[in-house]
Structures are given as C-alpha cells and as structure tokens.
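Quick note: the coordinates plus some simple rules give every number you see, no bench work behind them. Here the structure is a predicted model, which is why all the values come from computation and not from measurement.
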Amino acid sequence: MALGKIKADTLEHSTAGSVDTKFVVEGSAKAWMKFNASSGTPLINDSLNFSSFTDEATGNHTISFSSSFGNANYAFPTGASVVGTDGRVAYNSNDAPATGSFRIVTANSSFSATDSTHCSAAFLGDLA
C-alpha cells in the first residue's frame, strides 16, 4: 500500500469552524509530558516526543527528546506556569536549553527542590 500526501491550507470542521494549517503546525506542542518524580525512579504517566527521563538529584531531572528541536530557542515551562498538586516545574537557569534535552527542577511552593508527584510540561518550537 502506497502512502499518500494531503496538502491543505485550511482544515474545516462541520460545526466548529476552520483553522489555518500553519497554526496547527507552528502552534502545537512538539513535546509534552505528565510525570511523577516522587517515586524514586521518575515515572512518565503520558508523553509525546520524550525518549528518557533521568533523576539527577532531588527535584533535578534531565529529559531527552525523541526528535530534537531545530534550535535551542524553543518555548519551555517556567515557574508557576506549570503547577502540579504538590509542586511546580521550573527551568534550571544554570543550564541553557539544548536541542535534544532539557534540565528541569521540581520545587514546592517555597521553591525548595522536591520530587513532586503531579507535574507536567509542554515545549513549543520547530523540530529539526
């Protein structure tokens, strides 16, 4: 069976209107994850475009993307923009983002590093 190609500038739904395909391509998260870092070994509950999750220390983790970003200028979570029931996810400003991985810190409401249970993060940008 041969694979085909669909080319379209607009996607239209029968009742919900239409959207430009450029918005779908450029405005969609290229990587996201819901994770539990409190289990000793980090547990990814669900995700898109992640190949590994490494526990570096309490509240300090490195995540690797399955498909790298085209450059390190992608958007990522910061501070309270990504809040779990018992923690926050914050960018570790000591490490610059890399195209293939990202260092994150999970912290409690006092901003002390902690291995939180209900956390999530989304990343937006162009893939390589």
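Per-structure values
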{"quantity": "In Hz, Karplus ³J(HN,Hα) per residue of the range 111-126 (6.51, -1.76, 1.60; θ = phi - 60°; x = Gly, Pro)", "calculated": "6, 8, 4, 8, 8, 7, 8, 10, 10, 8, 8, 9, 10, 10, x, 8"}
{"quantity": "Theoretical gain in end-to-end length, residue 112 to residue 58 [0.36 nm per residue, Cα-Cα removed]", "calculated": "18.5 nm"}
{"quantity": "Anchor residue 34: lysines whose Cα lies under 28 Å away (excluding residues fewer than 8 positions away in-chain)", "calculated": "22"}
{"quantity": "The range 10-63: equivalent-ellipsoid semi-axes (sqrt of 5 x gyration tensor eigenvalues, Cα, Å)", "calculated": "36, 12, 7"}
